[in-house]
Amino acid sequence: MSGAVEAGAALESAARMERAARAHSGWYATYLWVFAGWQLIFVPTLFLWRGPVGALTCSGASAALVTALSVHAARQRTVPRGHTRRHLGVIGAWTVAYTGSIVLAFTVLEPGPPFVAMAAVACALPPAWGAWRTRRPA
C-alpha cells in the first residue's frame, strides 16, 4: 500500500509542477507580441529614413530591443513546451520575410509607402502568429 501512496504523491507533485509551469509560461507570447509590434515601427523607419544616420539609428534601437527581450527571456523560470522548435520557426520565418523585403526594396522595387506597409506587415506576421499559437492550449 505504501507504494501506491508514494506513487499518488509523486503524481500530485508532478501535476502541481505542471500547473506552476503553465502559469508562468505566458511570457513568451508577450515577448513575441512586442517583437511583432516592433516590426511595424522598425521596418517603415528603416526603409523610409534614408542614409547612414537612419540605418545606424534603426540598427541601434533594434539591437537594444532584442537585447532587452533576450535578457527578459533568460530570466524566466519556465519555457513553454516546444519552445525551441517554435522559436526557431518564428525567427526563421521572420528572417525570410525581412531579408526578402530588403532584397526587393534595394534591387527591384522602390520602397514607397505601399511597399513599406506590406513589408512591415510581412515582417510582423511570423512573431504575431507565434504569439497567437503560444496562447492556445497545447
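Could you list, in sequence order, all residues of the stretch 80-95 that are surrounded by 14 or more Cβ atoms within 10 Å (Cβ to Cβ) and not in a helix (DSSP H, G or I)?
If the condition is that a residue be surrounded by 14 or more Cβ atoms within 10 Å (Cβ to Cβ) and not in a helix (DSSP H, G or I), then Pro80 is the only one that fits.
Quick one: in the stretch 96-135, of everything that is among the hydroxyl-bearing types (Ser, Thr, Tyr) and open to solvent by 60 Å² or more (accessible area, probe 1.4 Å), which residue is farthest from Gly26 (Cα to Cα)? Quick ask: steps written out before the conclusion?
So in the stretch 96-135, the residues among the hydroxyl-bearing types (Ser, Thr, Tyr) come out as 98-99, 101, 107, 134.
Those still in the list that are open to solvent by 60 Å² or more (accessible area, probe 1.4 Å) too: 99, 107.
Working: Thr99: 29, Thr107: 40 Å.
Only one residue tops the list, namely Thr107.
Specify the residue that is most open to solvent (accessible area, probe 1.4 Å); the eligible residues are those in the stretch 41-79 that are touching a residue at least 24 places away in the same chain (Cβ under 8 Å) and farther than 18 Å from Tyr98 by Cα.
The extreme case among them is Arg77.
Taking the condition surrounded by fewer than 12 Cβ atoms within 10 Å (Cβ to Cβ), without any contact (Cβ under 8 Å) to a residue 40 or more places away in the chain and either assigned to a loop (DSSP other than H, G, I, E, B) or touching a Leu at 6+ places or on another chain (Cβ under 9 Å) (or both), does Arg19 pass?
Details: surrounded by fewer than 12 Cβ atoms within 10 Å (Cβ to Cβ): yes; without any contact (Cβ under 8 Å) to a residue 40 or more places away in the chain: yes; either assigned to a loop (DSSP other than H, G, I, E, B) or touching a Leu at 6+ places or on another chain (Cβ under 9 Å) (or both): no.
So Arg19 fails the test.
Could you tell me which residue of the stretch 105-138 is nearest to the chain's Cα centre (by Cα), considering only residues that are part of a loop (DSSP other than H, G, I, E, B) and in contact (Cβ under 8 Å) with a residue 24 or more places away in the chain?
First, pick out the residues of the stretch 105-138 that are part of a loop (DSSP other than H, G, I, E, B): 109-112, 136-138.
Now narrow it down to the ones that are in contact (Cβ under 8 Å) with a residue 24 or more places away in the chain: 111, 138.
On the way: Pro111: 25, Ala138: 18 Å.
Here the answer is Ala138.
The values are calculated or read from the model by the stated rules, or taken from the named source; none is laboratory data. Computed from a prediction, not measured in an experiment: that's the story for all the values here. Cβ atoms come from the backbone with ideal geometry, glycine included; neighbour counts cover every protein chain shown. Please note that ligands, DNA and RNA were not included when accessible areas were found on the heavy atoms of the full protein model with its side chains. Shrake-Rupley method; radii C 1.70, N 1.55, O 1.52, S 1.80 Å.
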